[in-house]
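See structure below.
The values are calculated or read from the model by the stated rules, or taken from the named source; none is laboratory data. Predicted model, so just to flag it, every value in this text is computed and none were measured. Virtual Cβ from ideal backbone geometry, glycine too; neighbours counted across all protein chains shown. To get the accessible areas, we keep the full protein, side chains included, count just its heavy atoms, and leave off ligands, DNA and RNA. Shrake-Rupley method; radii C 1.70, N 1.55, O 1.52, S 1.80 Å.
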Amino acid sequence: MSEPFDAKQDLLDAPRVGGRQRPRDAATLILTRGDKNLEVLMGRRAAGHVFMASKWVFPGGRIDRSDFTARFSGELSSITARRLEKEMPARRARALALTAIRETFEETGLILGKPAPAASVAGPWREYRQAGALPDLSCLTYIARAITPPGRTRRFDARFFTAPIEALRDPDNIVGSGELDEIAWLPIQEAMQQDLPSITRFVLGEALERLESPNRPLAFVRMLHGQHRIEHLD
């Protein structure tokens, strides 16, 4: 069964500070290894972070302008594209998928992509392209969306993608950037025992549920009129 969402803990994870900050688009990547004995790649955020300090999370971050123009190899699957394009134009959907791949590379050094001639580009994609790869969108599956409650220090409209270890060029080449002070492959039940944000624990449960139901509807978590609301959308 999917892990129940802990609404009370979600509010404790990011205490209310006031203000009306709009959520920024962000993307997260859940890399998986194995099948029945599923493992996930997670990292612990450094203690000095303003948002979710010392919590175990998946690699990810907010969208960047460069994600709209970055070259890629392989289109989004039809079901992932359809789900994203219910929320936004196709160009932004691809950009968010690219965000997940770029942020994973920046935080872990892992390349999800196909071999390509090294290229010199400006901006956040520079090191990725110099490594000789193009991001591959076809291996991504969009499984969940969550919007940070109002009044928090940081607010994100986060999309959660999954991809298998087979999509990585060199899965053993984990090189941290300092944003995550520890990075590890964790059996999913062991991951559940870590200090996780409530939404991370919930999405882990969704990933586990998909082992039995690959076409499980998209999970959407948000706050409406002061109450958490969870929907599963086709």
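S120: more than 20 Å from F58 (Cα to Cα), among the polar types (S, T, N, Q) and exposed (fewer than 15 other Cβ atoms within 10 Å of the Cβ), yes or no? Yes: the conditions hold for S120. Screening the range 24-61 for residues that are at pLDDT 85 or above and of a type in the set (D, E, K, R) and picking the one that is most open to solvent (accessible area, probe 1.4 Å) gives R24. Of all residues in the range 52-102, those being among the basic types (K, R) and closer than 19 Å to L218 by Cα number 5. Taking the range 134-161, which residues are closer than 15 Å to L29 by Cβ and among the hydrophobic types (A, V, I, L, M, F, W, C)? Hits for the range 134-161 are L137, C139, L140, I143, A144, A146, F156, A158, F160, F161. Checking each residue in the range 205-231 for being under 28 Å from L186 (Cα atoms) and either in a loop (DSSP other than H, G, I, E, B) or in contact with a Pro (Cβ under 6 Å, 6 or more places away or on another chain) (or both) picks out R210, L211, E212, S213, P214, N215, R216, P217. The condition (being assigned to a strand (DSSP E or B), crowded, with 19+ Cβ neighbours inside 10 Å and under 18 Å from the mean Cα position of the chain (by Cα)) is satisfied by just one residue among D157, D181: D157.
Has the range 133-154 got any residue that is within 20 Å of S78 (Cα to Cα), touching a strand residue (DSSP E or B) at 6+ places or on another chain (Cβ under 6 Å), touching a residue at least 40 places away in the same chain (Cβ under 8 Å) and assigned to a loop (DSSP other than H, G, I, E, B)? Yes; the residues of the range 133-154 include at least one that is within 20 Å of S78 (Cα to Cα), touching a strand residue (DSSP E or B) at 6+ places or on another chain (Cβ under 6 Å), touching a residue at least 40 places away in the same chain (Cβ under 8 Å) and assigned to a loop (DSSP other than H, G, I, E, B).
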